[in-house]
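Colleague: Before anything else, here's the structure in question.
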Amino acid sequence: MGTEEHKDKMSRRDFLRKSMRLTILLGVGGLAGSLLSKSMAGKMVWQIDTKKCTQCGRCTTECIKKPSAVKCFHAYDMCGYCDLCGGYFRPGVKDLTTAAENQLCPTSAITRKFIEEPFFEYDIDADLCIGCGKCVKGCGAFGNGSLQLQIDQSICDNCNECAITRACPSQAISRVESTEPYLMLGLRDDITWKNKS
Amino acid sequence: MRKVKNIAIIFLLAIMAWQTTDVAAINRFPKPEFESGHTQPATVTPAPRAVFMEYLDVAVLIAALSLITWFILKKRSRKGVFWMSVFAILYFGFYREGCICSIGAIQNVALALFNEGYYIPVTAILFFVIPILYTLFFGRTFCAGVCPLGALQDIIAFKPMPVKAWLEKVLGIIPYIYLGLAVLYAATGTDFIICRYDPFVGFYRLDASFFMFVIGALFLLIGVFIARPYCRFLCPYGVILGLVSRFSFKHMTITPAECINCKLCEKSCPYGAINMPVPEKEKEKTEVLVKRYILLGILVPVLVFAGGLLLSSFHENLAMVNSKVKLASEILNNTNYGVVGREAIEITAFKSTGQSVEELYSEAANIVDQFYMGSWFLGGFIGLVFGLTLIGLTVFKFHTDYSPNKATCHSCARCMGYCPVKPEKK
Ligand code: SF4
Ligand code: SF4
Ligand code: SF4
Ligand code: SF4
């Protein structure tokens, strides 16, 4: 009697187990199916909306990369090639020389090159730039705003959730499709900026 | 010309205070026309990692899972598991820097389910689903040595000490709470807490904040004595895999043939995941069982309701993690993020967006509502887990042999080596 009952119990348990398996299989399949229908084949990368960024300086410290994956990018097409560059010089400098104490950038990551009277070209050395945004702020305040902070995709780890997102006071960081990064002013023809001639 | 330009800038300097930043680009100075024929350089914009590389990760995941499953179920080889762990640490750990991982993918799935605007990458879905499917068929072979977090903890478990069964069960509630919180925060688009508080990712990236570095070091240190502390007492994906594994088609066995109850494997499991045989006479009487089930049948719904009620009364505190809600509350209460002497950056940034305060308030109120709903669900869920854990602690499971506990066994294959039984020759 005992063994019979035991057998009965076992088959009931087997049945339960089988139906649970099927439920899980269908559940996971259904979930995956419904997600796939609204997913995308490519991938997303993190980028800064440079129009929202207020150069608070948190990108320097919050990124998991040290130094930060956020770098200053120069949209040359927007640049006025000014002699007195608001992104290069500290406000109120007396003589426009490349002396370190005249420079805004804490790491001297910007080089100033004479092109022709009265134009100067400014280049960013990404290896030195720490993404502090000081130059970006200066350029935005006194110049054309051609310097912009952006996440450099060759450095960024593309974290599942960018560590800067929650710290950013301007909520400027968002996912964009990996085929369309660097949606910045002056870098692409399809984006225009105010008063562009 | 140059003079004029400089005067213009100095004039600008004079009228603009340093603090007022004009975020929008303004064409103050015209684009220069070079006479020397100089052409502007193009801005270098390094391309992101190619998409096909992400699929390579998926292929590696499938290959690694297949191989380790074969090692565990067919070859019964601990050595194989060990080397797969080393591979996982190198590839998913150091090379991929702990991202993308199946544990974190829970959040992408939750965000995609609750947020219309989020398009989840296919690779995230695959990383979430594939290990679950393997677990449904073969047990937690993913945890054995493909998960970079598990693999790391597994190979440093040098001096594992047993944890009392009841304590293990009680601490085992934490992963459920963590899972619930992670889903709540991901679904509301607030934060990915699993990623933020991943203790080992800093190790893989050789880079972490001081706080996370301390946490990571602590986990590694504890992990030498309490095997896999993250897996057993925190991992939210382990919760899902543990539930699925209970119903797995196949699962590794300690003995290749018939258990002879020699007790040799009894203490071999670093995770205390081996079920001991119990003598038939210890089985409980039916009346006692029925009485207890009735009691628990009343208790569980009460716990579910109490959990929901309790947590929903804290929904505002939970919502405060959300940066929008936080901003709204700081503005509403005029607390300025605790900053004195100047305006907090967040508030300056908010003002520069031109969004009205009312809009912000209504957005924040929306999120708080979501948290209210969510905290009812989460509280109820935690209550349910408490109830079921209580049942699990009191019910008595009958076993005749030494066998792995399919839910908590990480399929590390250590116990197999202790079994003296030889496989039957065909
Ligand atoms: S000022 Fe800051 S953001 Fe600009 S180049 Fe220097 S380090 Fe980079
Ligand atoms: S995704 Fe990660 S690596 Fe990239 S910018 Fe954000 S925190 Fe830095
Ligand atoms: S944290 Fe936000 S506002 Fe601050 S510099 Fe980075 S993107 Fe700009
Ligand atoms: S329990 Fe979690 S952390 Fe541990 S191996 Fe499994 S998935 Fe990885």
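A short reminder: the numbers here are calculations on the coordinates, not readings from a lab. Everything quoted here is computed from the prediction, not taken from an experiment. Cβ coordinates were reconstructed from backbone atoms using ideal geometry, including for glycine residues, and neighbour counts include every protein chain displayed.
Colleague: Cross-link partners among aspartates and glutamates for B:LYS74, C-alpha distance below 15 Å, same-chain residues fewer than 8 apart left out?
Modeller: Straight-distance partners of B:LYS74: B:GLU424.
Colleague: How high is the relative contact order of the stretch A:44-194? Use alpha-carbon pairs under 8 Å, at least six apart in sequence, and give a whole percent.
Modeller: 41 percent
Colleague: So what is the relative contact order for chain B, in percent, with contacts set as C-alpha pairs under 8 Å and at least six apart?
Modeller: Averaging sequence separation for qualifying contacts and normalising by length gives 22 percent for chain B.
Colleague: Express the relative contact order of the stretch B:287-426 as a whole percentage, based on alpha carbon pairs under 8 Å and six or more residues apart in sequence.
Modeller: 42 percent
Colleague: Report, in deg cm²/dmol and to the nearest 500, the calculated mean residue ellipticity at 222 nm for the protein assembly as shown, where each DSSP H run with n ≥ 4 adds -39500 (n - 2.57) and the sum is divided by the residue count. Please list the in-between numbers first.
Modeller: Values: 22 runs with 288 residues, N = 623.
Calculated mean residue ellipticity at 222 nm is -14500 deg cm²/dmol.
Colleague: Something else about it: Give a quick list of trypsin sites (Lys or Arg not before Pro) in the stretch B:263-311 that DSSP marks as loop, anything other than H, G, I, E or B, with at most 14 other Cβ atoms within 10 Å. Don't skip to the answer; put the middle values down first.
Modeller: Details: sites: B:LYS263, B:LYS267, B:LYS281, B:LYS283, B:LYS285, B:LYS291, B:ARG292; in loops: B:LYS263, B:LYS267, B:LYS283, B:LYS285.
Those that pass, being in a loop and sparsely packed, are B:LYS263, B:LYS267, B:LYS283, B:LYS285.
Colleague: Same structure, new question: Which one, B:LEU56, B:CYS195, B:TYR402, projects farthest toward the positive side of the charge dipole computed for the protein assembly as shown from Cβ point charges (K/R +1, D/E -1)?
Modeller: Going by the charge dipole, the pick is B:TYR402.
Colleague: Grab the other residues whose beta carbon is less than 13 angstrom from that of A:ARG175, score K and R as +1, D and E as -1, and report the net.
Modeller: Values: positive: A:LYS43; negative: A:ASP49, A:GLU161, A:GLU177, A:GLU180.
Once all neighbours under 13 Å are counted, the net charge is -3.
Colleague: Under a crude label model (7 Å from the Cα following the beta-carbon direction), how far is B:VAL278 from A:GLU116 in nanometres?
Modeller: Inter-label distance under the simple model: 9.2 nm.
Colleague: Take chain A, connect every pair of alpha-carbon atoms lying under 10 Å apart with a spring to form a Gaussian network, then pick out the residue of A:ALA109, A:ALA126, A:ALA100 with the largest mean-square fluctuation.
Modeller: Among A:ALA109, A:ALA126, A:ALA100, the largest mean-square fluctuation in the Gaussian network model of chain A belongs to A:ALA100.
Colleague: Continuing with the same structure: Can you compute the FRET efficiency between B:ASN333 and B:LYS422 using 1/(1 + (r/R0)^6), with r the Cβ-Cβ distance and R0 = 56 Å? Round to the nearest 0.05.
Modeller: So the FRET efficiency works out to roughly 0.15.
Colleague: Which residues make up the longest stretch of chain B clear of GluC sites (Glu not before Pro) that lie in a DSSP loop with no more than 10 other Cβ atoms within 10 Å, not counting the sites?
Modeller: B:259-423
Colleague: Next question, about the same structure. If r is the Cβ-Cβ distance from A:ASP14 to A:ASP125 and R0 is 56 Å, what FRET efficiency results, to the nearest 0.05?
Modeller: So, using R0 = 56 Å, E works out to roughly 0.25.
Colleague: Among the listed pairs A:LYS65/A:LYS94; B:LYS267/B:LYS291; B:LYS79/B:LYS263; A:LYS65/B:LYS79, give every one whose C-alpha distance is greater than 26 Å.
Modeller: Details: A:LYS65/A:LYS94 37 Å; B:LYS267/B:LYS291 35 Å; B:LYS79/B:LYS263 23 Å; A:LYS65/B:LYS79 35 Å.
Listed pairs above 26 Å: A:LYS65/A:LYS94; B:LYS267/B:LYS291; A:LYS65/B:LYS79.
Colleague: Could you tally the net charge around B:LEU126, taking each other residue with its Cβ under 10 Å from the Cβ of B:LEU126, Lys/Arg +1 and Asp/Glu -1?
Modeller: -2
Colleague: Now a separate question. Looking at the stretch B:143-243, which chymotrypsin sites (Phe, Trp or Tyr not before Pro) are in a loop (DSSP not H, G, I, E or B) and have at most 10 other Cβ atoms within 10 Å?
Modeller: B:PHE158
Colleague: I've got another one for you. Calculate the spin-label point distance for B:PHE158 paired with B:LEU90, positioning each point 7 Å from the Cα along the beta-carbon direction, and give it in nanometres.
Modeller: Going from the B:LEU90 label point to the B:PHE158 one covers 2.2 nm.
Colleague: If r is the Cβ-Cβ distance from B:VAL340 to B:LEU393 and R0 is 45 Å, what FRET efficiency results, to the nearest 0.05?
Modeller: Approximately 0.30, to the nearest 0.05.
Colleague: Further, regarding this structure: What does the charge count around B:TRP83 come to, taking other residues whose C-beta lies under 14 Å from its C-beta (Lys +1, Arg +1, Asp -1, Glu -1)?
Modeller: Summing Lys/Arg as +1 and Asp/Glu as -1 gives +2.
Colleague: Moving on to the next point. Which of the trypsin sites (Lys or Arg not before Pro) found in the stretch B:106-212 are in a DSSP loop and have at most 12 neighbouring Cβ atoms, other than their own, within 10 Å?
Modeller: Details: sites: B:ARG140, B:LYS164, B:LYS169, B:ARG196, B:ARG205; in loops: B:ARG140, B:LYS164.
The qualifying sites are B:LYS164.
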